[in-house]
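The values are calculated or read from the model by the stated rules, or taken from the named source; none is laboratory data. All figures in this text were calculated on a predicted structure; none of them were measured in a lab. We place every Cβ from the backbone using ideal geometry, glycine too, and count neighbours over all the protein chains shown. Each accessible area value is taken on the protein alone, full model and side chains, heavy atoms only, with ligands, DNA and RNA left out. Shrake-Rupley method; radii C 1.70, N 1.55, O 1.52, S 1.80 Å.
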Amino acid sequence: MDFKKIVAHCKEYGFIFQSSEIYDGLSATYDYGPNGVELKNNIKKYWWMAMVQMHENIVGLDAAIFMHPKTWKASGHVDAFNDPLVDNKDSKKRYRADVLVEDYMAKIEAKIKKDVDKARKRFDDFDEEMFKKTNGRIVARQEEIDKISNRLATAMTDGNMEEMYQMIMDLGIACPVSGSKNWTEVRQFNLMFSTQLGNIAGSEGKLYLRPETAQGIFVNYLNVQKSTRQKLPFGIAQIGKAFRNEIVARQFIFRMREFEQMEMQYFIKPGTQKKWFDYWKDARMTWHKNLGIPADKYRFHDHANLAHYADAATDIEFDFPFGMKELEGIHSRTDFDLKAHEELSGKKLQYFDPETNENYVPYVLETSIGADRMFLAVMSSTLQEETVPDAKGNDSTRIVMKLHPAIAPVKVAILPLLKNREELTSKARAVFDKLKLSFNCQYDEKDAVGRRYRRQDAIGTPFCVTIDFDTLEDDTVTIRERDSMEQTRVKIDEIAGIVGEKVAMKSLFE
Ligand code: GAP
């Protein structure tokens, strides 16, 4: 579905609202509405269950957002958590220099795709890979992309801002707003938000809002290990808010200034990082695919340009409405963080290995996914417009969210056939009161039943239960399934079993 329609749907059906909308909004911050909070909580529950409940050796943590300021010096965020920033002197708009270059490469990639699509229409048994390898124009374009990509990776790794500026000039990149090439020099811009402790003046009292949840795990790793008597390998999982002063904050909830991360740090024996990197790549991809989202929406993208803490890294990219973009990161962080915290705090952060009788600082394998990006991935891939027959057999359009029942915001809707017949509404209320003990339910008596079905389809409710006059006679109801729209007659006592089997989180693991 078109991206603008998805954003409009999120507002209309109470999934996501612009923050402080009555004041014209605050850019890159969003609020989750009644259906949004349910869906987001279910995504978080699925992640927590997969990480903590399903692994004996992974435990949870909920660390504070504020941490001692030295944390961010040790982690490298004070010195190296920067984006290259450039201003256009005519439009006064600010950009990330690397994003300008990436957008330039994306345009060349779009040209390649256009040529491929054209060729596909011309040949019956079209071999895309062969065509890309042998078509002169495509080969030249791909070489150009590779050359720019390598140059960008080197400039970013070296923190070479003059080279970043030179790339913008050499590629002739113009400001998308003013169309001019009148750029300032490229400068480093630190992404951390800072605030001040009340009782300490000046730089001594400077605090940061955490830009990642991971550091709360690193500084607590020995507390957790000792209190839970874990042996390596073991993991610590955490879900919580993170804050980044993003320069280019756009694309709805994809890039926000306040967002939520679901991170897991896996503490391992040095030398085993390759094995665990491969293990977690596989495990995390399986987690995604079990949600029933088509496999071709995902791909791995190995990093050429490694962050300051990693010896290997890959992204799980997702086919968002605006292209393939990072959804989750899997990073082999070595002992960078723990060693840095040892040095700056003066406290030993070594693990005593009872098998080898050695003390050492463990290596860390990290999986890190944005809860909001996952929300957008689910929303954009499951929201569909379908042509279906209406009550008279004519074609009609319905908007339906075909998401896995286990993460649906509402599991079952209870609908009395008519709202002005007390015997029907009181029976429906009784069914609702019974089912709400087990599931998040909705009672709806307004409008014709067909319209009520459509409203539930639009928020992904897997089941609708209708109470009619036969119900009063024999305690049976019709239960309608969202995707097939099939309706079956069942006993009231059977509803909980039918719904329960489909919406249980465990169905995602079986
Ligand atoms: N601890 C490692 C870490 O923070 P990252 O790749 O910078 O790694 C991890 O972030 C994940 O957090 C990303 O894959 C993305 O899903 C999410 N994320 C990062 N910045 C975000 C932002 N500004 N808005 C929404 N989600 C974001």
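Key figures
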| item | result |
| --- | --- |
| In the stretch 244-284, the residues that are near the ligand (Cβ under 9 Å from one of its atoms) and assigned to a strand (DSSP E or B) | E258, F259, E260, Q261, M262, E263, Q265 |
| Checking V410 against (1) outside any loop (DSSP other than H, G, I, E, B); (2) touching a residue at least 60 places away in the same chain (Cβ under 8 Å); (3) buried (at least 17 other Cβ atoms within 10 Å of the Cβ), the condition it does not meet | (1) |
| Top-ranked residue in the stretch 335-365 [being without any contact (Cβ under 8 Å) to a residue 60 or more places away in the chain and polar (S, T, N, Q); ranked as most open to solvent (accessible area, probe 1.4 Å)] | N357 |
| Residue list for the stretch 216-244, restricted to those being in contact with a Pro (Cβ under 7 Å, 6 or more places away or on another chain), of a type in the set (A, V, I, L, M, F, W, C), farther than 16 Å from V361 by Cα and open to solvent by 10 Å² or more (accessible area, probe 1.4 Å) | F243 |
| Failed condition for I293, given (1) near the ligand (Cβ under 9 Å from one of its atoms); (2) more than 30 Å from T228 (Cβ to Cβ); (3) under 14 Å from the mean Cα position of the chain (by Cα); (4) of a type outside the set (D, E, K, R) | (1) |
| Residue match in the stretch 438-447 (condition: at positive phi and open to solvent by less than 60 Å² (accessible area, probe 1.4 Å)) | yes |
| Matching residues, the stretch 349-381, being more than 15 Å from the ligand (Cβ to nearest atom) and touching a His at 6+ places or on another chain (Cβ under 9 Å) | L349 |
| Search result, residues across the stretch 304-319 that are within 12 Å of the ligand (Cβ to nearest atom), part of a strand (DSSP E or B) and in contact (Cβ under 8 Å) with a residue 24 or more places away in the chain | T314, I316, F318 |
| Subset of the stretch 387-400 [part of a strand (DSSP E or B), open to solvent by 20 Å² or more (accessible area, probe 1.4 Å) and modelled with pLDDT under 95] | T387, P389, D395, S396, T397 |
| Every pair of residues 6+ apart whose Cβ atoms lie under 9 Å, when the first sits in the stretch 320-334 and is more than 9 Å from the ligand (Cβ to nearest atom) while the second is assigned to a strand (DSSP E or B) and among the β-branched types (V, I, T) | I330/T314; I330/I316; I330/T367; S332/V364; T334/V364 |
| So D395, is it without any contact (Cβ under 8 Å) to a residue 60 or more places away in the chain, more than 15 Å from the ligand (Cβ to nearest atom), out of contact with any Phe, Trp or Tyr (no Cβ under 8 Å at 6 or more places or on another chain) and of a type in the set (D, E, K, R) | yes |
| Subset tally (residues that are at pLDDT below 95 and crowded, with 20+ Cβ neighbours inside 10 Å) for the stretch 62-73 | 0 |
| Answer residue from the stretch 18-39, given it is closer than 21 Å to R250 by Cβ and acidic (D, E) and is nearest to the ligand (Cβ to nearest atom) among those | D31 |
| Residue within the stretch 415-437 that is within 30 Å of M51 (Cα to Cα) and open to solvent by 20 Å² or more (accessible area, probe 1.4 Å) present | yes |
| Lone unmet requirement of (1) part of a loop (DSSP other than H, G, I, E, B); (2) within 16 Å of the ligand (Cβ to nearest atom); (3) of a type outside the set (S, T, N, Q) for M156 | (1) |
| Tally, over the stretch 168-211, of residues that are open to solvent by less than 60 Å² (accessible area, probe 1.4 Å), out of contact with any Phe, Trp or Tyr (no Cβ under 9 Å at 6 or more places or on another chain) and among the aliphatic types (A, V, I, L, M) | 1 |
| Residue list for the stretch 331-375, filter: among the small types (G, A, S) and in a helix (DSSP H, G or I) | A340, S345, A371 |
| Qualifying residue in the stretch 112-135 (condition: outside any loop (DSSP other than H, G, I, E, B), charged (D, E, K, R), surrounded by 17 or more Cβ atoms within 10 Å (Cβ to Cβ) and at pLDDT 90 or above) | no |
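Residues are listed down the side, and each one gets a yes or a no for (1) farther than 17 Å from L365 by Cα; (2) in contact with a Ser or Thr (Cβ under 9 Å, 6 or more places away or on another chain); (3) open to solvent by less than 40 Å² (accessible area, probe 1.4 Å):
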position	(1), (2), (3)
E263	no, yes, yes
Y266	no, yes, yes
Y279	no, no, no
Y298	yes, no, yes
D311	no, yes, no
F318	yes, yes, yes
P321	yes, yes, no
E328	no, yes, yes
S332	no, no, yes
